[in-house]
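The values are calculated or read from the model by the stated rules, or taken from the named source; none is laboratory data. Note that the structure is a prediction, hence the values are computed from the model and not measured. Note that each Cβ is placed from the backbone with ideal geometry, even for glycine, and that neighbours are counted across all protein chains shown. Accessible surface areas use protein heavy atoms only, side chains included; no ligands, DNA or RNA. Shrake-Rupley method; radii C 1.70, N 1.55, O 1.52, S 1.80 Å.
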Amino acid sequence: MSSPEIASLSWGQMKVKGCSTTYKDCKVWPGGSRTWDWRETGTNHSPGVQPADLEEVVKKGVKTVVIGRGMSEALQVPPSTVDYLKKNGIDVVVLQTEKAVEEYNALAAQGVKVGGVFHSTC
């Protein structure tokens with residue numbers, strides 16, 4: 001199963017190819033996507049993305065995870081989260097969201113089993 005292309009990104013809105021939902025923040029993985037609801041794990045801009053935010057994506061068998069920190073990079077990614085991914089043998093790329101989407105789409109187009117979590121505002 002391939003990772004779906006992120007078809008569009010603008011402030012507060014993301015579209016994933018093959019999905020009718022417009023996301024504010026989203027998770028993607030080979031074969032699927034869904035809303036990334038920060039309330040599920042108590043995530044906030046600081047301390048930021050938690051391992052619990054990534055567990056679902058990791059369980060999909062990804063080799064690489066791309067994290068989009070927001071348009072102004074307000075969303076933090078603590079070292080413990082990067083360590084969690086590396087300990088699971090997963091490459092991690094952390095970028096400003098527009099750059100993160102470009103990187104994610106490039107990896108997906110190459111057939112990499114890539115997943116991601118993306119914040120589309122601040």
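Across SER46, SER33, SER20, mean-square fluctuation computed from a Gaussian network of the chain (C-alpha pairs under 10 Å connected) peaks at SER20. Label positions at ALA106 and THR121, each projected 7 Å from the Cα along the C-beta direction, are separated by 2.9 nm. Helical content alone sets the calculated 222 nm signal of the chain at -7000 deg cm²/dmol, taking -39,500 (n - 2.57) per DSSP H segment of four or more residues and averaging over every residue. Dipole of segment 6-118 computed with +1 at Lys/Arg Cβ and -1 at Asp/Glu Cβ about the Cα centre; of VAL92, GLY18, GLY42, farthest Cα towards the positive end is GLY18. Distance from the alpha carbon centroid of segment 93-122 to that of segment 18-38 works out to 13 angstrom.
Full-extension gain between SER10 and GLN76, please, as 0.36 nm times their residue separation minus the C-alpha to C-alpha distance.
Full-extension gain reported as 21.8 nm.
For the chain, the fraction of alpha-carbon pairs lying more than 19 Å apart is 38 percent, rounded to a whole number. If R0 equals 25 Å, the separation of the Cβ atoms of LYS99 and SER20 corresponds to a calculated FRET efficiency of about 0.45. Just checking the listed ones, LYS59, LYS27, LYS99: in the Gaussian network model of the chain with Cα springs under 10 Å, the one fluctuating most is LYS59.
Between MET1 and ARG39, the simple spin-label model (points 7 angstrom out along Cα→Cβ) gives 2.7 nm.
The mean sequence distance of close C-alpha pairs (under 8 Å, at least 6 residues apart), as a share of the length of the chain, puts its relative contact order at 33 percent.
Counting only protein heavy atoms and using a 1.4 Å probe, what share of the accessible area of the chain belongs to carbon plus sulfur, as a whole percent? The nonpolar share, carbon plus sulfur, comes to 48 percent. The HN-Hα couplings worked out from phi for segment 31-45 by the Karplus form 6.51 cos²θ - 1.76 cosθ + 1.60 (θ = phi - 60°) are x, x, 7, 7, 4, 9, 9, 4, 5, 4, 10, x, 5, 9, 4 Hz, whole numbers, x standing for Gly and Pro.
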